[in-house]
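Only one structure is covered here, and it is reproduced in the block below.
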Amino acid sequence: MRLFKLLPALLAASLMVTCAAPQNVGAGAAPVSGSVPDRPEMAESDPHLAAVDRLWRVRDHAKTLMSASCPAGTKRQEPLPIDLSVTPVSLGAADQIARRIPETAILSGAWELSSPNSNFGGLSGLARLPPSEGGGLLTVSDAGAFIWIDLENGAPSGAKIAYMQGRSGAQISGKKSGDAEGLVWSDGLALVSFERDFRIEAFALTACGSAARAASVAALPETYERRNIDENQGPEAIFLEAGGALGFGYEGMLSVSPLGQVLADGTAEWTGQSAPAPALHGFVAREILALPDGSARTLDMFRAWDPVQGNRIRLTWGADETHSLTLSRPLLVDNFEGLAAEALQNGAIRVWMVSDNNFSGGQKTLLYSFDITIPQD
C-alpha cells in the first residue's frame, strides 16, 4: 500500500477514527474474547461460553475451506521458480542502531531482494512455514500473488511464485481484487486479507499448490462509526488469537487502528478495541506467537511516512521501550509491512520483517530478521 498517497487526506481520514466506541458489524451479541470449550454442553450451560462459540476458528472450517479451494479432481500445480538476487545490506552505524534498537534485540540478518521477474515485489503479508512445508517464508503481493522465499542457514536462497486464483478458478487480476495485504498460515491453508475489496479468503496451498482457488472466509466491514473507510486504510493485519479465533486490524490513521473479529457465520464485527499505534502511525501487522512454556507473545508493527522524515517503523512486543525497536533514518529503512515470528530453541524469538517496494524503482524489497530475548520475570 502506498502510504504517501494518503497524507493529503489526513483530515478526511480523521473522521473515521475520532469517534469513541466502534459499532458492531454483523449480527449477534456484543463482541467477546477467549477460548472455546471442548464440550458443546459446557457452552449451553454457560452464557459467556456460548457467546465465545460465535467466533470463527480454523479447526471448525478447515475441511470446508479445503474442499472449496481444492475441489475434488483438481490436479496440484507447483509454483514457478524465479531468479532471486540476495544482497546482504548494512542497517547503519552502530551508534545509530543503539539509539533505536534495544540490547534485547539483535539483528540476525539483513538483505535486499530483487528479481528480473517483473511480478516480484509489493510484498505485504508474511508467514513462517513449518518444516513440513519447506520451512521457508511465504509472502503475498499487492499484485495478487504468493511468493515463497526459501531459507538456507537462516538466509534467503531462492524464490517461487504463484498467481492467486479467484473462486471460479480464474486468475485474480486488477488492483481492486488482488490487493493482498495480511497473511496467516494454518494447517495447509493460507488465509489472506485484501484491501479495496475488504475480505478474507483461504487458499489450500498444501493440497493444490498454485491450483488452489479462493474460498471465502468473511466479508469485512466497510464502515467504522458510520463513516466509510478509505480503500487504502483497510485490513492490513490478520492474526490468530491464542484460542484460535481469527482477528483483523485496519491500518486507520491518526493513531487509531480499529480491531475486529470474524464470526462463525462468516460475518465480522468490531471488538471495540484498537491497536496501540504511536502518533501518526498506522497498524500494519500483528503476530501472536505461542511459546514453549504455554504462554503467548503479541508482536505489533506500525509504520508512518512523510516527505521530511521518510519511513518510520515501530515494532513492539511488550509495554515499555525495552520491548520495542524503531527503524528510521539514518538507518536503512523502507516500507515494511510483513511480519512473522518463530520461537527459537534458546528461548529467543526470531522476528522476520519484509518491505513493500510498491513496484517502484525508488524503493527496495528488504528482508530483516531480529532475535529478541524476553527477560524472565
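The values are calculated or read from the model by the stated rules, or taken from the named source; none is laboratory data. Source: prediction; values computed, not measured. Every residue, glycine as well, gets a Cβ built from its backbone with ideal geometry; the counts of neighbours run over all protein chains shown.
Numbers at a glance
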quantity	calculated
Lone unmet requirement of (1) assigned to a strand (DSSP E or B); (2) in contact with a Pro (Cβ under 9 Å, 6 or more places away or on another chain); (3) closer than 19 Å to Pro375 by Cα for Thr322	(1)
Residue that is surrounded by the most Cβ atoms within 10 Å (Cβ to Cβ), among those in segment 113-126 that are on the phi < 0 side of the Ramachandran plot, within 21 Å of the chain's Cα centre (by Cα) and assigned to a loop (DSSP other than H, G, I, E, B)	Phe120
Residues located in segment 276-301, provided they are more than 20 Å from Leu191 (Cβ to Cβ) and in a strand (DSSP E or B)	Gly282, Arg297
Residues of segment 342-377 satisfying the condition of being free of Cβ contacts under 8 Å to residues at least 24 places away in the same chain and either closer than 15 Å to Ser115 by Cβ or of a type in the set (S, T, N, Q) (or both)	Gln345, Asn346, Ser360, Gly361, Gln376
Residue satisfying condition, being among the hydrophobic types (A, V, I, L, M, F, W, C) and assigned to a loop (DSSP other than H, G, I, E, B), within set Ala72, Ala62, Ala110	Ala72
Every residue from segment 144-163 that is over 16 Å from Gly338 (Cβ atoms) and of a type in the set (Gly, Ala, Ser)	Gly154, Ala155, Ser157, Gly158, Ala162
Qualifying residue in segment 148-165 (condition: within 18 Å of the chain's Cα centre (by Cα) and in a strand (DSSP E or B))	yes
Count of segment 258-316 residues which are of a type in the set (D, E, K, R) and farther than 28 Å from Glu342 by Cα	3
Residue in segment 302-319 that is under 27 Å from Leu191 (Cα atoms) and touching a residue at least 60 places away in the same chain (Cβ under 8 Å) present	yes
Top-ranked residue in segment 250-264 [being in a loop (DSSP other than H, G, I, E, B) and out of contact with any Phe, Trp or Tyr (no Cβ under 6 Å at 6 or more places or on another chain); ranked as modelled with the lowest pLDDT]	Leu254
Conditions (1) within 13 Å of the chain's Cα centre (by Cα); (2) surrounded by fewer than 18 Cβ atoms within 10 Å (Cβ to Cβ); (3) closer than 17 Å to Glu181 by Cα: number failed by Glu231	(1)
Residues of segment 131-143 satisfying the condition of being in a loop (DSSP other than H, G, I, E, B) and in contact (Cβ under 8 Å) with a residue 40 or more places away in the chain	Asp142, Ala143
Index of the failed condition, Val184 passing every other in (1) assigned to a strand (DSSP E or B); (2) under 28 Å from Thr87 (Cβ atoms); (3) not hydroxyl-bearing (Ser, Thr, Tyr)	(2)
Those residues of segment 205-214 which are within 12 Å of Ala162 (Cβ to Cβ), aliphatic (A, V, I, L, M) and either modelled with pLDDT under 95 or assigned to a loop (DSSP other than H, G, I, E, B) (or both), in sequence order	Ala211, Ala212
Output for segment 75-107, where each listed residue is among the basic types (Lys, Arg) and either surrounded by 13 or more Cβ atoms within 10 Å (Cβ to Cβ) or part of a helix (DSSP H, G or I) (or both)	Arg76, Arg99, Arg100
Pair list, Cβ < 9 Å and 6+ apart or interchain, from segment 151-163 residues that are in contact (Cβ under 8 Å) with a residue 40 or more places away in the chain to residues that are loosely packed, with under 15 Cβ neighbours inside 10 Å and part of a loop (DSSP other than H, G, I, E, B)	Gly158/Asp83; Ala159/Asp83; Lys160/Glu78; Ala162/Glu78; Tyr163/Ser173
Which numbered condition Asp377 fails, given (1) in a loop (DSSP other than H, G, I, E, B); (2) at pLDDT below 95; (3) in contact with a Ser or Thr (Cβ under 7 Å, 6 or more places away or on another chain)	(3)
